[in-house]
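Please read the structure below before turning to the comments.
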Amino acid sequence: MTFRKRAGGAVGLGTACIGLLLGGAARAQNAPAQQPAQQPAAQPAPAAAEAAPTPAATWQSSIKLSAQIEGGVSFNPAGPSTNFGQLLTDHANQAQLNQVLLTAERDIDTKNTGWDVGFKFQALYGSDGRYTQYLGEFNRVSTNRYQFEILEANATIHIPLLTEGGTDLKFGQFTSPLGTETIEPSANPFYSHSYIFNFGVPFVQTGGYATIHATPFLDVYLGGDTGVNTTFGGGDNNSAGAVMFGFGLNLLDGNLTVLALSHIGPENPSLTVPNANHFKRYLNDAYAIYKPTDKLTLTTELNYIRDDFAHADGYGAAQYASYALTDQLRLNGRAEVWRDNKGFYVTAFPGNRDFINAEAGLPATVISAPQTTYGELTVGVTYKPAGLPAPISGLLIRPELRYDHSLNGTKPFNSGKDPGSFTIASDFVLTF
């Protein structure tokens, strides 16, 4: 068994929230007055009063409040208790409430040429909380499958300095910007997640980073944090920091976007690894999103991770395709190959606190596999029914078929019995 620090988890790009906007509507004035009946001659009608100007939006009026509920089930005909190679959908043949996600946020205005301040606060309750918590926060509140966490608590500031586009600063606790898939469910094409999301990038980070808008098409990222899935003080399992850097591109009038980021720092727990601060882990992820037509979106992701202590490499690629058949129905596909050359990264955690304990270096049950090259193919649809009653603002229903297979003959699936695994899954995401 391999006891390890979490190597995977993304923010992703493009989170979907429903805001409540508070704004005033101008009331037009209409009025020439009626002429008295006894007046012998009509008087000139006064000019119609101009419409009152719309009041300027206030900072408070741009705060958005939303809620999401995600639940689902993943059927595995082989009948194992755990879907190996999956984390957030690891429980086989059991319905679960993945998330109740409450959000309050204010986005900074990208068109604002002056200073601007925003924030994001998210609280999560559900089975996903077993994997997405920060070390040192709410880890001992519950031993149940459904757990609570503060997923995001951060501030953002736009500074009109350094370049014409200015610089955006984010600091606090935030979901990782590495990777194309996200913890927030409505931003993903599938219920299940890729190997890259699970094992190749962080889930969450504590610290801060700057996005420097160097040119209209180039952004530069620079930042630092306490490490993968960690926080300050006792929430850092090795008391050493990490750095993050990379770049983003916005090309072809927004039809092609690229984000390439690296995260480097010690990640192994000091309780189990002597001189843990001397062994770095390198997490590198790059993806490109291309929209050749209004209906078709193609996403390509490349990932490489290395741990100095374990001398372990993990690397692979995922290709996504999404096609809008109608306004309500979208067809999705994902094909992925990911190599774990030491059996260090791709692991399963049967207990509700095993993942957190393993990150901290505490006793935990961790199920590992031999060195394996994993192949994964997932197809599904996203159905968005229209005409939903208030207060529901959105509903996603996402059935999928997934096949995982060892490409080098090992048998990591279905309790170590099979070289492959087939799952039929579906979830719903309800938004308010």
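General observations
- For q = 0.15, 0.17, 0.20, 0.23 Å⁻¹, Debye-computed log10 I/I(0) when each Cα of segment 110-226 counts as one equal scatterer: -0.77, -0.94, -1.16, -1.33
- With θ taken as phi - 60° and the Karplus curve 6.51 cos²θ - 1.76 cosθ + 1.60 applied, the whole-hertz 3J(HN,Hα) list for segment 397-407 is 10, 10, x, 8, 10, 9, 10, 10, 8, 7, 8 Hz, x standing for glycine and proline.
- For residue 75 and residue 104, the FRET efficiency from 1/(1 + (r/R0)^6), where r spans their Cβ atoms and R0 equals 45 Å, is about 0.80.
- Placing one equal scatterer on every Cα of segment 219-307 and applying the Debye formula, the log10 ratio I(q)/I(0) at q = 0.11 Å⁻¹ is -0.43.
- If you bin all the Cα-Cα distances of segment 145-283 at 5 Å, starting from zero, the percentages per bin are 2, 9, 16, 19, 20, 16, 10, 5, 2, 1, 0.
- Approximate spin-label separation residue 262-residue 164, in nm, with each point projected 7 Å along Cα-to-Cβ: 3.0
- Whole-Å semi-axes of the chain's equivalent ellipsoid (Cα gyration tensor): 46, 26, 21
- Measuring r between the beta carbons of residue 67 and residue 308 and using R0 = 35 Å, the FRET efficiency lands at 0.25.
- Whichever lysines have a C-alpha closer than 24 Å to that of residue 64, once near sequence neighbours (fewer than 8 apart) are set aside: 111, 120, 170, 384
- In order along segment 286-300, the phi-based Karplus estimate (6.51 cos²θ - 1.76 cosθ + 1.60, θ = phi - 60°) of 3J(HN,Hα) comes to 9, 9, 10, 10, 10, 10, x, 9, 5, 9, 10, 10, 10, 10, 10 Hz; Gly and Pro are listed as x.
- Every pair of different Cα atoms in segment 298-414 enters the Kirkwood calculation, which places the hydrodynamic radius at 17.1 Å.
- Shape analysis of segment 160-233 yields a ratio of the Cα radius of gyration to the Kirkwood radius, Rg/Rh, of 1.04.
- Normalising the average separation of contacting C-alpha pairs (under 8 angstrom, six or more residues apart) by the number of residues puts the relative contact order of segment 235-365 at 17 percent.
- Longest site-free stretch - the chain; sites: GluC sites (Glu not before Pro), DSSP loop, at most 14 other Cβ within 10 Å: 165-432
- Heavy atoms of residue 289 accessible to a 1.4 Å probe, total area in Å² rounded to 10: 40
- Based on DSSP H segments of at least four residues, each scored -39500 (n - 2.57), the chain has a per-residue ellipticity at 222 nm of -500 deg cm²/dmol.
- Over all Cα atoms in segment 80-151, the spread is summed up by Rg and Dmax: 16.7, 56 Å.
- Proximal aspartates and glutamates to residue 411, defined as alpha-carbon separation beneath 16 angstrom and excluding residues fewer than eight positions away on the same chain: 340, 376
- Charge tally in the Cβ shell below 15 Å around residue 140, where Lys, Arg are +1 and Asp, Glu are -1, residue 140 excluded: -2
- The phi-based Karplus calculation (6.51 cos²θ - 1.76 cosθ + 1.60; θ = phi - 60°) puts the 3J(HN,Hα) values of segment 198-213 at 6, 10, x, 9, x, 8, 9, 9, 10, x, x, 8, 10, 10, 8, 7 Hz, whole numbers, x for Gly and Pro.
- Within a straight-line Cα-Cα reach of under 18 Å, residue 280 can be paired with the following lysines, leaving aside sequence neighbours fewer than 8 residues apart in one chain: 5, 342.
- Using all pairs of distinct alpha-carbon atoms, the Kirkwood hydrodynamic radius of segment 191-347 works out to 17.3 angstrom.
The values are calculated or read from the model by the stated rules, or taken from the named source; none is laboratory data. Treat the numbers as computed from the prediction; the structure is a model and nothing was measured. Note: ideal-geometry Cβ built from the backbone for every residue, glycine included; neighbour counts use all protein chains shown. Remember, those area values only see protein heavy atoms, side chains included, never the ligands or the DNA or RNA. Shrake-Rupley method; radii C 1.70, N 1.55, O 1.52, S 1.80 Å.
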